[in-house]
Amino acid sequence: MKKWSLQQVAEYGERFVSEGDRKVTLNFALFEQANVEAVRLIELFSPQKFLIKVTPVNPT
């Protein structure tokens with residue numbers, strides 16, 4: 001299964017934002033072993049263009 005890198009997602013999302021538009025919302029569902037750094041997300045997804053939601057996935 002092909003997957004996009006976060007860089008590819010950011011580049012694609014940039015296409016949907018023009019001045020005066022709403023931000024593109026991204027929802028990250030993170031699990032315990034997920035390796036995601038907030039600093040890296042901010043570097044890739046401009047806070048002026050993207051709204052990032054982080055949802056923890058709790059094991060059942």
* How many residues does the stretch 5-44 contain that are free of Cβ contacts under 8 Å to residues at least 24 places away in the same chain and not hydrophobic (A, V, I, L, M, F, W, C)? -> 14
* Asked: Hey, any hits in the stretch 30-52 for a residue that's in contact with a Pro (Cβ under 8 Å, 6 or more places away or on another chain) and of a type in the set (A, V, I, L, M)?
  -> yes
* Could you list all residues from the stretch 47-60 that are surrounded by 10 or more Cβ atoms within 10 Å (Cβ to Cβ) and either touching a His at 6+ places or on another chain (Cβ under 9 Å) or in contact (Cβ under 8 Å) with a residue 24 or more places away in the chain (or both)? => K49, F50, L51, I52, V54, P56, V57
* To do: Scan (1) loosely packed, with under 12 Cβ neighbours inside 10 Å; (2) modelled with pLDDT of 95 or more for the single condition E11 breaks and write down its number.
  => (1)
* **Output for the stretch 18-40, where each listed residue is modelled with pLDDT of 90 or more and either more than 10 Å from the chain's Cα centre (by Cα) or surrounded by 12 or more Cβ atoms within 10 Å (Cβ to Cβ) (or both)** => R22, K23, V24, L26
* Select from the stretch 17-34 the residues that are not aromatic (F, W, Y) and not in a loop (DSSP other than H, G, I, E, B) and list them in ascending order. => V24, T25, L26, N27, A29, L30
* Structure fact -> Residue hits (the stretch 26-44; over 17 Å from E11 (Cβ atoms) and touching a Phe, Trp or Tyr at 6+ places or on another chain (Cβ under 9 Å)) are A34, V36
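What are the residues in the stretch 35-57 that are assigned to a strand (DSSP E or B) and farther than 14 Å from L6 by Cα, if any? Write out each step before concluding.
Taking the stretch 35-57 as the starting set, the residues that turn out to be assigned to a strand (DSSP E or B) are 50-56.
Once the filter is applied, which keeps residues that are assigned to a strand (DSSP E or B) and farther than 14 Å from L6 by Cα, the stretch 35-57 yields L51, K53, V54, T55, P56.
The values are calculated or read from the model by the stated rules, or taken from the named source; none is laboratory data. Everything numeric in this text was worked out from a predicted model, so none of it was measured. We place every Cβ from the backbone using ideal geometry, glycine too, and count neighbours over all the protein chains shown.
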